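Rule-based calculations on the coordinates, nothing more; no lab input. From a predicted model like this one, the values you see are computed outputs, not experimental measurements. Reconstructed Cβ throughout: ideal geometry from the backbone, glycine too, with neighbour counts over all protein chains shown.
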Amino acid sequence: MTARTFAFVALGFLCSSGSAVLSAQTPMLNPKEMSGSVLPVNDLPVGTVSVRVIRGSFDKNLANQPVEFLVDGAKTTVNTDQTGRAQVTGLARGARVRAFTVVDGEKLESQEAVVDSSGLRVILVATDPALAARAAEDRALASAPPVKGIVVLGSESRVVAQMSNDRLQIYYVLEIMNTARTPVDIGGPLIFDLPREARGTTIIEGSSKQATANGPRVRVVGPFAPGVTKVEAGYELPYSGGRARVTQVMPAKLEQLTLLVVQLGGFSLTSPQLTSQREMNNDGQTIIVGTGAGLEPGQVLTFEVAGLPHRPLWPRNLALSLAGVIVAAGVWAAVKARPHGRAA
């Protein structure tokens, strides 16, 4: 169970697998954190630099805003259009470009970019006073004492099954969501009682420090901060006969069921709780993706993976049968010998 393997299966694939797996709750970057960044793109001609100016969020374009381009020391000023964009074209390869603008006294500037074999896009984000006030209020509420509340398992939570070194590994990628603006106390830890057969339960690096594993149990202690508490855990699940069955009680509401199985030689995935299933390819690796409706707290998630590699059972069964015959014969012989012993 390595972090590299886990990241490929649970994270890398999902980033490219489309809307069937990803949801609207995928965390979005704060536009302000992207301000000044330069992105090479192929939808603009080579030698074109386009700058978009917004206030706080992408739905607030700033039109008629002067943008100053500094190209190899020479200045050119272009006003933004109704989409908040200003651009210069026809720049030679190797030219060094920076963009500047001032919005309500706030100076915004881009990183320096070198024109190469593609067009360039730049975004400059001015502070939105309303959003800034809201963020400050959120920070204050996040540091307030916890209140009684609940958490849910967000729709980006999923369960992943894959073979590793001839062993079946089960991974849980959990997004524990607190939608309140203050920390919440759910009245105790959030406890995931894993299948009794689970071995070597491990909390994956990068998970919240609130999560611990002890035997077939994962505990996540509160209080839970606003937003998402991420927990990733994995364990080995012994199986026989080419089939493995998982039953898992959900301790909190699961907003959407997502099961992933890394395909290897004819695996199949079945669950009465899946409403759709398909196979997708990621860098030559086939993944079975099953989705279903959410589960309520206390409801049992059940699924089975079949077609797993296994050794035939008949040699073991034959050996057990022969051992049983030998034991029975020995007992019969001992019982039969007792009368003769008494007569002697």
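For this structure, a couple of remarks:
- Burial ordering of V231, V184, fewest other beta-carbon atoms within 10 Å first: V184, V231
- Antiparallel bridges, percent of DSSP beta bridges restricted to region 30-132 (to nearest 5): 80 percent
- Exceedance of the 30 Å cut-off in Cα-Cα distance is limited, within the set K60/K148; K60/K253; K32/K253; K107/K209; K32/K230, to K60/K148; K60/K253; K32/K253; K107/K209.
- Residue separation of K32 and R196 scaled by 0.36 nm, minus their Cα-Cα distance, works out to 54.3 nm of gained length.
- Using a Förster distance of 30 Å, the FRET efficiency for L131-Q277 (Cβ separation, nearest 0.05): 0.15
- Residues whose placed amide H lies under 5 Å from that of A252, excluding near-sequence neighbours: G298
- Our coupling estimate for region 214-229, obtained by passing each phi through the Karplus curve with A = 6.51, B = -1.76, C = 1.60 and θ = phi - 60°, is 9, x, x, 8, 10, 10, 10, 8, x, x, 9, 5, x, x, 10, 9 Hz, Gly and Pro reported as x.
- Ignoring aspartates and glutamates fewer than eight residues from K75 along the same chain, the ones with Cα atoms less than 15 angstrom from its Cα are E109, E112.
- Within-12-Å neighbourhood charge of R181 [Cβ basis; K, R +1; D, E -1]: 0
- Along the axis of the charge dipole computed for region 30-132 (Cβ charges of +1 for Lys and Arg, -1 for Asp and Glu, origin at the Cα centre), the listed residues V49, A99, V125 are led at the positive end by V49.
- Between E205 and K60, the simple spin-label model (points 7 angstrom out along Cα→Cβ) gives 4.0 nm.
- For S164, distant residues with modelled amide H under 5 Å away: Q169
- Zero-based 10 Å bins, Cα pair distances in region 118-157, whole percents: 19, 24, 30, 19, 6, 1
- More than 21 Å apart - percent of Cα-Cα pairs taken over region 142-275: 43 percent
- Stokes-Einstein diffusion of region 198-253 at 37 °C, 0.692 mPa s viscosity, Kirkwood radius from Cα pairs, rounded to a whole number: 252 µm²/s.
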